[in-house]
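Before any comments, here is the structure.
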Amino acid sequence: MRIAPGFGIALLALPWVWQTALAYDSADSIRCNGSLVNIGDTVEDLLQACGEPLQRNENQWVYEPGDGSFVQTVGVGNGKVMFIRVEQK
């Protein structure tokens, strides 16, 4: 049996892909101070609900709500919330 070129490399990458997939989860909303901000809401809505982020990296804003056991990265573009990613610390 012959293996297609590049297939072996893909198999070697599987553990890394699996680990990366488990490192964070996407979310449809972020809760700050009792308010809910959803994908598609404006950056103004996000700032009003969550305040200034801990960190701004280009189009990604980082929030660390609650007890600090996880980080929420909010992608912003064109004045809107584009994605929300939740990562455990």
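Filtered by the rule that a residue be of a type outside the set (D, E, K, R), within 15 Å of the chain's Cα centre (by Cα) and in a loop (DSSP other than H, G, I, E, B), the range 21-68 gives Ile39, Gly40, Pro53, Leu54, Asn59, Pro65. Annotation note: Cβ proximity below 7 Å between a residue of the range 77-89 that is in contact (Cβ under 8 Å) with a residue 24 or more places away in the chain and in a loop (DSSP other than H, G, I, E, B) and a residue that is loosely packed, with under 15 Cβ neighbours inside 10 Å and among the β-branched types (Val, Ile, Thr) (sequence gap 6+ or interchain) occurs for Gly79/Thr42.
Every read-out reported here was derived from the displayed coordinates using simple, explicitly stated rules and does not represent laboratory data. The shown structure was predicted, so the numbers you read here are calculated from the model rather than taken from an experiment. Glycine gets a Cβ as well: all are built from the backbone with ideal geometry, and neighbour counts include every protein chain shown.
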